[in-house]
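Remarks on the structure that follows.
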Amino acid sequence: MIKLSKTVEGSICTIAVNGVLDYATMDPFIEEIRAIEVGTTKVIIDFTELEFIDSTGIGAIINLVHEANAKEFAVELVGINTEIEELFETIGVYQIMQSLQKGAN
């Protein structure tokens, strides 16, 4: 189960993710990403309430970076718990994000 809440303040969009981001729940997350409007300068993904993420969810994050490149906004991930942080570091999520963002410049 996943619950997403989106807030927009000026040109900054924050999407809070509550629950599980996996194969069964990634569609609503991807829909939120695709709905980000042109003119947004930064998207903050708040994972404070994220309980679990699988490889499909990580793929959705990479999809977000591609969308950011196309629509020219920055991405920031916040509220990541220790377990998920270690997973992201092991898999190289941050390095992939940096590489993709540099490739857009």
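The values are calculated or read from the model by the stated rules, or taken from the named source; none is laboratory data. Keep in mind that what you see is a predicted model, and the values were worked out from it rather than measured. As a convention, Cβ positions derive from the backbone with ideal geometry for all residues, glycine included, and neighbour counts pool all protein chains shown. Just so you know, the surface numbers come from the protein's heavy atoms only, side chains and all, with ligands and any DNA or RNA stripped out. Shrake-Rupley method; radii C 1.70, N 1.55, O 1.52, S 1.80 Å.
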Open item on the list: Here is a check on your reading of the model: is Phe47 surrounded by 12 or more Cβ atoms within 10 Å (Cβ to Cβ), hydrophobic (A, V, I, L, M, F, W, C) and either in contact with a Leu (Cβ under 7 Å, 6 or more places away or on another chain) or over 20 Å from Lys6 (Cα atoms) (or both)?
Closed with: yes
TODO: With a cut-off of at least 3 residues that are in contact with a helix residue (DSSP H, G or I) (Cβ under 7 Å, 6 or more places away or on another chain), name the helices (runs of 4 or more DSSP H) lying wholly within segment 23-105.
DONE: 26-34, 55-71, 93-103
Open item on the list: Being in contact with a helix residue (DSSP H, G or I) (Cβ under 6 Å, 6 or more places away or on another chain), modelled with pLDDT of 95 or more and either assigned to a strand (DSSP E or B) or basic (Lys, Arg) (or both) is the requirement here; does Ile15 meet it?
Closed with: yes
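Results for (1) open to solvent by less than 60 Å² (accessible area, probe 1.4 Å); (2) modelled with pLDDT under 90; (3) of a type in the set (Ser, Thr, Tyr); (4) under 19 Å from Glu51 (Cβ atoms), shown as yes or no for each residue.
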| position | (1), (2), (3), (4) |
| --- | --- |
| His66 | no, yes, no, no |
| Lys71 | yes, yes, no, no |
| Val75 | yes, no, no, no |
| Ile80 | yes, no, no, yes |
| Glu83 | no, no, no, yes |
| Glu86 | no, no, no, yes |
| Leu100 | yes, yes, no, no |
| Ala104 | yes, yes, no, no |
TODO: Please verify whether segment 63-79 includes one or more residues that are farther than 18 Å from Leu4 by Cβ and acidic (Asp, Glu).
DONE: yes
